[in-house]
Amino acid sequence: TMSSSKTLLVLENFIAGRFVPCSSYIDSYNPSTGDVYCRVPDSGKEEVEAAVRAAKDAFPIWSSKSPLERSQILNKLADLIERDLEVFAQAESKDQGKTITFARTVDIPRAVYNFRFFASSILHHTTECTEMAAAGCLHYTSRTPVGIAGLISPWNLPLYLLTWKIAPAIACGNTVVAKPSEMTSVTAWMMCKLFEKAGISHGVVNMVFGTGSKVGEAIVCHPDVPLISFTGSTLTAQRITEKSAPHCKKLSLELGGKNPALVFDDADLNQCIPATVRSSFANQGEICLCTSRIFVQKGIYNEFLKRFVEETKKWKVGNPSDPTVDMGALISKEHLEKVRNYVKKAQAEGARILCGEGVDSLSLSAGNQKGYFMLPTVITEIKDESCCMQEEIFGPVTCVVAFDTEEEVIERANGVKYGLAATVWSSNVSRVHRVAQRLQSGLVWTNCWLVRDLNLPFGGMKASGVGREGAKDSYEFFTEVKTITIKH
């Protein structure tokens, strides 16, 4: 109806410091109600072309600023986002379906911290110097910004993961053409309103909204964008790799995971159970670091399962804006369908669903009946070969299976194409070190989950990605190194 379309939020691209309307738009849904609540530009080649031009024009001035000047601007931007933290958190929750609590305590504070962290780290990098006295030569390295960074971020942690790319890119002196997910573009658009006040000159950060197949492709294929940082699916990353190969682009790819938890007989279950419930279902299971395969040693298997299901059943699912809710809505109707199908496949294979989808009933308030909700679901008696144990589901579904020996569980944990994160639960220190060494995984947490130090490398092995990001790693990715030799 006409009357309701007036209230829809309409986003615009942000190019060369100005908001620019688009000729066509995509509907974006509120996952907790199933209603269209926002219109996102359906941009393409033309808009990307304009953004690249703006980024090119802005590069000489931005890249010649001192790290300190850029640092002050990044800190100012962090202050402005923090000042509006509550508005950002509400927008993120409404747009993505995550609980207001998660957006308020994780997403937006982390977005603020991403800017503060790189504002600080950029001041502390040094370059190398070596002497060859016999040859009368001195060698040193210098690092310079690469140019225009193409940044493509996903829908699960929208502002959090977008700023994890933008902050190091501009801190290092690059300019940016960014594409958030078309399903969750609101907070990116809101952030653009703060750039001018923070002192970010026009064209330094350009935001082009739209689909991967149109905008993402145009960014990846553009000859003037030498560097692509992407977070998303392995499938899309393969396409990015192919498309960018003719241009020899620098790639950083943070992809999916099928992350195991290894729970040994001597684990402290009082800590392990609540943490593993959280690592399985936080943010509706829509975090690339979520646990989806839980291997429990035979001696404690029955006790673990009983307690794990009890804790899972306590999780409250419903309206994301209710502060007492533990889990909100999944991102889209299609995604909910995909996640449910995995549970159906498990059932067809003879696995047991202990709680959640198809077992317990979900009661929702009137306004949320059409939302994309699903209960946290625990599957057991499932084979390692099952697609539910091999493929990334990216929803509130986890599988619990038993194991006998340390040797066996390491082999099984490594038996997937992914290698992003793993957790190990044991009170035996030497076992913890031994197992952590042998897991094919970019990140291993022991007796905890998702404790992050941004100084350290972040990224995955195997199909979970290429490259690492972190203080030093991001600096290396977002700059070019040059070796200079002086004969004296």
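The values are calculated or read from the model by the stated rules, or taken from the named source; none is laboratory data. Every value quoted in this text rests on a predicted model; they were computed, and no experiment measured them. All Cβ positions, even for glycine, are placed from backbone atoms using ideal geometry, and neighbour counts span all protein chains on display. The accessibility values were calculated without ligands, DNA or RNA, using every heavy atom of the protein model including side chains. Shrake-Rupley method; radii C 1.70, N 1.55, O 1.52, S 1.80 Å.
Have a look at Tyr37, Asn428, His202 and report the one farthest towards the positive end of the charge dipole of the chain, computed about the Cα centre with Cβ charges (Lys/Arg +1, Asp/Glu -1).
Working it through, the farthest residue towards the positive pole turns out to be His202.
Counting only protein heavy atoms and using a 1.4 Å probe, what share of the accessible area of region 259-446 belongs to carbon plus sulfur, as a whole percent? Please list the in-between numbers first.
Working: 3600 of 7650 Å².
After summing per-atom areas, the C and S share lands at 47 percent.
Between Gln72 and Asn341, what length in nm is gained on full extension when 0.36 nm per residue of separation is reduced by their alpha carbon distance? Write out the running numbers ahead of the final one.
Details: separation 269, 0.36 × 269 = 96.84 nm, distance 4.89 nm.
Extra length from Gln72 to Asn341 when fully extended: 91.9 nm.
Give me the distance in nm between label points sitting 7 Å out from Cα along the Cα-to-Cβ direction at Ala16 and Lys45, one decimal.
With each label placed 7 Å out from Cα toward Cβ, I get 2.0 nm.
What length, rounded to one decimal in nm, is gained on full extension from Ser427 through to Ser24, with 0.36 nm per residue of separation minus their alpha-carbon distance?
This chain segment gains 139.3 nm when fully extended.
Size of the dipole of the chain about the Cα centre, Lys and Arg at +1 and Asp and Glu at -1 on the beta carbon, nothing else charged, in debye to 20?
So the magnitude is around 580 debye.
Quick one: Debye curve from the alpha-carbon atoms of region 276-382 only, equal weights, vacuum; give me log10 I(q)/I(0) at q = 0.18 Å⁻¹ to two decimals.
The Cα Debye sum returns log10 ratios of -0.94.
Mind computing the radius of gyration and Dmax over the alpha-carbon atoms of region 11-118? Å is fine for both.
That works out to 16.9, 48 Å for Rg and Dmax.
Starting from the Cα of Lys65, step 7 Å along the direction of its Cβ; do the same at Ala436; then give the gap between the two resulting points in nm.
Each label point is offset 7 Å from its Cα along the Cβ direction, giving 3.8 nm.
Cα-based Rg of the chain per 2.2 N^0.38 Å, rounded to two decimals?
For the chain, the normalised Cα radius of gyration is 1.01.
In the calculated pair distance distribution of region 259-446, what percentage of Cα-Cα distances lie above 23 Å?
Of all Cα-Cα pairs in region 259-446, 39 percent lie more than 23 Å apart.
Could you please report the charge total around Ser23, scoring K, R as +1 and D, E as -1 over all other residues with beta-carbon less than 13 angstrom from its beta-carbon?
-1
Ordered by packing density, taken as the mean number of other Cβ atoms within 10 Å over each peptide's residues, highest first, how do 400-411, 477-488, 159-170 rank?
159-170, 400-411, 477-488
Taking N as the number of residues in region 63-115, what is its Cα Rg relative to 2.2 N^0.38 Å?
Rounded to two decimals, the normalised Rg is 1.34.
Once you list every other residue whose beta carbon is under 12 Å from the beta carbon of Glu46, what net charge do they have if Lys and Arg are +1 and Asp and Glu are -1?
Local net charge: 0.
Could you check the simple spin-label distance between Thr324 and Thr126, using points 7 Å along Cα→Cβ, in nm with one decimal?
5.6
Hey, can you rank 256-265, 102-111 by average C-beta count inside 10 Å, highest first?
Result, highest mean Cβ count within 10 Å first: 256-265, 102-111.
Provide the FRET efficiency to the nearest 0.05 for the Glu385-Thr483 pair, computing r from the beta carbons and using R0 = 35 Å.
0.10
Rounded to the nearest 5, what % of DSSP beta bridges with both residues in region 259-446 are antiparallel?
In region 259-446, approximately 10 percent of DSSP beta bridges are antiparallel ones.
Around Asp35, under 12 Å between beta carbons, what's the net of Lys plus Arg minus Asp minus Glu among the other residues? List each step's numbers first, then the result.
On the way: positive: Lys94, Lys333, Lys370; negative: Asp27.
Residues close to Asp35 contribute a combined charge of +2.
If region 352-473 were replaced by its equivalent ellipsoid, with semi-axes equal to the square roots of 5 times the Cα gyration tensor eigenvalues, what would those be, largest first, whole Å?
For region 352-473, the semi-axes come out at 30, 21, 14 Å.
Once you have the alpha carbon radius of gyration of region 82-157, what is it after dividing by 2.2 N^0.38 Å, with N set to its residue count?
The reported ratio for this selection is 1.83.
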